Amino acid sequence: MTLLDGKQTSETIQEEIAREVEAIRAKGGKVPHLAAVLVGNDGGSVTYVNNKVLACERIGFGSTLIRYEDTITEEELLAKIDELNNDDMVDGFIVQLPLPKHINTERVIESIDPKKDVDGFHPTNVGRMVAGLNAYLPATPAGILQLLKRYEIDTDGKHCVVIGRSNIVGSPMSILMAKAAYPGNSTVTLCHRNTVDLPYYTRQADIIITAVGRPGLITEDMVKEGAVVIDVGTTRVPDASRKSGYRLRGDVDFDAVAPKCSYITPVPGGVGPLTIAMLMTNTLRAAKKEVY
Ligand code: GUN
């Protein structure tokens, strides 16, 4: 069994980007600039956004963090997005999700200029991805493709079972794994909460990618010998022995499942760290005008 080290892979990708940024700077060019909009004080979101800004600083990007109370109106938020769309300093920006209930998330995402949508959430980028055109890929699926590629895992003709159909992970992942490209060329089954007899599908899987957020969902009896298991779940569970009061758990019963796998991601330290590396990759591509 080989552990897929997302932390190390993320660091390697960020070092590669930092070298490119240094080369841009040495030639007197404009370094990439990422802006992040954060509404409210949700613990997870604050941590994620702070980590994104720290990553920018580490690799030499410019960054702007824009924070609002969760009482901000939709109009105020849309006005800021309009400003960012038209700010030549900003190559790409993200609006951290989830947003408060009184704000229409779809309207917010659609108001982002697809050229600056480094999250890859805008319908134009989703559509371009589905059509096989150049697009910003959402960070988590793109990070998983990088893991598969850098560990040279064979995906050609394999049966890949994706669990969870979110717009951010499961749905795009299922599409990308089916594409005629490497990593991809897989036969894909997309399972979700309405799937009858989930184990029937997972037992046939050469590759399992689970993005549900239910600790212990994938047990040892559900996994074929030699399978590749990618765990996107990150659920905070109470843990009094930790300073934070919680620890992260994936969807996979790791201790029981790992010995059966050819490759498996740990939680934490698997897929999670890669999302930042892929956001930085998209921001660099935005600055280099590689997509549009
Ligand atoms: N919330 C959870 N994941 C993400 C992400 O990748 N981007 C944004 N903007 N919000 C998120």
Residue that is farthest from V118 (Cα to Cα), among those in segment 247-276 that are of a type in the set (G, A, S), in contact with an Asp or Glu (Cβ under 8 Å, 6 or more places away or on another chain) and within 16 Å of the ligand (Cβ to nearest atom): G250
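Between I94, I66, which is outside the structural domain of N167 (by TED's automatic domain parsing) and touching an Asp or Glu at 6+ places or on another chain (Cβ under 7 Å)? Let's see the steps before the verdict.
Details: I66 fails: touching an Asp or Glu at 6+ places or on another chain (Cβ under 7 Å).
Result of the check over I94, I66: I94.
Of D255, D231, which residue is farther than 19 Å from A139 by Cα and among the acidic types (D, E)? If you could, list the steps in order and put the result at the bottom.
Numbers: D231 fails: farther than 19 Å from A139 by Cα.
Unique residue meeting the criteria: D255.
When only residues in segment 94-112 that are in a loop (DSSP other than H, G, I, E, B) and crowded, with 17+ Cβ neighbours inside 10 Å count, which is farthest from the ligand (Cβ to nearest atom)?
Start the filter on segment 94-112 by keeping residues that are in a loop (DSSP other than H, G, I, E, B), which leaves 96-104, 112.
Still in the running and crowded, with 17+ Cβ neighbours inside 10 Å: 96, 99, 103, 112.
Details: Q96: 5, L99: 9, I103: 13, I112: 10 Å.
The selected residue is I103.
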Subset of segment 213-246, residues touching a residue at least 24 places away in the same chain (Cβ under 8 Å) and either among the acidic types (D, E) or exposed (fewer than 13 other Cβ atoms within 10 Å of the Cβ) (or both), comes to E220, E225, G226, D231
Sole exception among (1) under 29 Å from V196 (Cα atoms); (2) touching a residue at least 12 places away in the same chain (Cβ under 8 Å) for V108, by number: (1)
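Take R58 and tell me if it is in a helix (DSSP H, G or I), closer than 30 Å to G269 by Cβ, not assigned by TED's automatic domain parsing to the domain that holds Y200 and not polar (S, T, N, Q). Walk me through how you get there before you give the answer.
Values: in a helix (DSSP H, G or I): yes; closer than 30 Å to G269 by Cβ: yes; not assigned by TED's automatic domain parsing to the domain that holds Y200: yes; not polar (S, T, N, Q): yes.
Taking the combined requirement at face value, the residue satisfies it.
When only residues in segment 36-62 that are near the ligand (Cβ under 10 Å from one of its atoms) and more than 16 Å from T234 (Cβ to Cβ) count, which is nearest to the chain's Cα centre (by Cα)?
To start, the set of residues in segment 36-62 that are near the ligand (Cβ under 10 Å from one of its atoms) comprises 36-38, 42, 44-45, 48-49, 52.
Still in the list and also more than 16 Å from T234 (Cβ to Cβ): 36-38.
On the way: A36: 15, V37: 17, L38: 17 Å.
Applying the filter and picking the extreme gives A36.
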Only listed residue being within 21 Å of the chain's Cα centre (by Cα) and closer than 23 Å to G43 by Cβ, chosen from V252, V271: V271
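The values are calculated or read from the model by the stated rules, or taken from the named source; none is laboratory data. Values in this document were obtained by computation on a predicted structure and should not be read as measured data. Methodologically, a virtual Cβ is constructed for each residue, glycine included, from the backbone with ideal geometry; neighbour enumeration extends over all protein chains shown.
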